[in-house]
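*Asks:* This structure is in structure tokens; I'll ask about it shortly.
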Amino acid sequence: DGGITQSPKYLFRKEGQNVTLSCEQNLNHDAMYWYRQDPGQGLRLIYYSQIVNDFQKGDIAEGYSVSREKKESFPLTVTSAQKNPTAFYLCASSTIAGGLYNEQFFGPGTRLTVL
Amino acid sequence: QKEVEQDPGPLSVPEGAIVSLNCTYSNSAFQYFMWYRQYSRKGPELLMYTYSSGNKEDGRFTAQVDKSSKYISLFIRDSQPSDSATYLCAMKTGNQFYFGTGTSLTVIP
């Protein structure tokens, strides 16, 4: 089955720790995205990438880092510099046509809680 | 003013009712419009994707876009308890996506 997988489903982090959230897709999509979802605030873009070894900051990139070493994979690291990391994290992907990103498909999400 | 405004609800309807979910927007450059359904603790699922003004139907779902009024709607006919979820609208101009905050819907059996 084609789709986007995220792991783990739940993640607990102690203060001062870095954690990495996994995102893998087998849809052959070029673009991948990371969003953070908080109650009442909708989706906020953290990072996005349209090609291997290239990525751009979104609206709230501070305290986060990403890599895109493979087309299928776009892991997100939440660093200790992120002051309020407790949230639901969503990975998405889309095709690109004519330089334009098409509709996004989302993974199941990872809920991160800082203890 | 936010780019996309969506009433958070919650909205509660009896089974079989017609549901109307709405979003307004301020940017006339938006060209693509999407509706997502998100169950609790799950990722959003794409329901509808439209480009032009007018209606697009898919089973019990109809997406309506009125660009002149900067208003989009999602209608759900014969609503079912399984439709209980949060519905997110989304819009795109160029490569910029904007999401509404979601409307929580409960369909009561």
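The values are calculated or read from the model by the stated rules, or taken from the named source; none is laboratory data. Note that the structure is a prediction, hence the values are computed from the model and not measured. Ideal geometry is used to build each Cβ from the backbone, glycine not excepted, and the neighbour counts take in all protein chains shown. We work out accessible area using only protein heavy atoms, side chains counted, and drop any ligands, DNA or RNA first. Shrake-Rupley method; radii C 1.70, N 1.55, O 1.52, S 1.80 Å.
*Asks:* Specify the residue that is farthest from the chain's Cα centre (by Cα); the eligible residues are those in region B:32-51 that are open to solvent by 70 Å² or more (accessible area, probe 1.4 Å) and in contact (Cβ under 8 Å) with a residue 24 or more places away in the chain.
*Replies:* In this case the residue turns out to be B:S40.
*Asks:* Sort out which residues of region A:78-115 are surrounded by fewer than 15 Cβ atoms within 10 Å (Cβ to Cβ), touching a strand residue (DSSP E or B) at 6+ places or on another chain (Cβ under 6 Å) and within 11 Å of another protein chain (Cβ to nearest Cβ), and write them in order of number.
*Replies:* A:I96
*Asks:* Answer yes if at least one residue in region B:10-31 is in contact with a Phe, Trp or Tyr (Cβ under 6 Å, 6 or more places away or on another chain), touching a residue at least 40 places away in the same chain (Cβ under 8 Å) and within 14 Å of chain A (Cβ to nearest Cβ), and no otherwise.
*Replies:* The answer is no; no qualifying residue exists.
*Asks:* Just to be sure before I move on: is A:T79 out of contact with any Gly (no Cβ under 6 Å at 6 or more places or on another chain) and either touching a residue at least 40 places away in the same chain (Cβ under 8 Å) or of a type in the set (F, W, Y) (or both) in the structure I sent?
*Replies:* In short, no.
*Asks:* Mind listing whichever residues of region B:1-27 are touching a strand residue (DSSP E or B) at 6+ places or on another chain (Cβ under 9 Å), assigned to a loop (DSSP other than H, G, I, E, B) and of a type outside the set (K, R)?
*Replies:* B:E3, B:D7, B:P8, B:G9, B:P10, B:E15, B:G16, B:A17, B:I18, B:S26, B:N27
*Asks:* When you check B:E57 against the structure, is it surrounded by 12 or more Cβ atoms within 10 Å (Cβ to Cβ), more than 13 Å from chain A (Cβ to nearest Cβ) and not small (G, A, S), yes or no?
*Replies:* yes
*Asks:* Within region A:77-100, track down each residue that is in contact with a Lys or Arg (Cβ under 7 Å, 6 or more places away or on another chain) and hydroxyl-bearing (S, T, Y).
*Replies:* A:Y89
*Asks:* Checking B:S82 against (1) buried (at least 17 other Cβ atoms within 10 Å of the Cβ); (2) away from chain A (no Cβ under 14 Å), which test does it fail?
*Replies:* Checking B:S82 against (1) buried (at least 17 other Cβ atoms within 10 Å of the Cβ); (2) away from chain A (no Cβ under 14 Å), the one that fails is (1).
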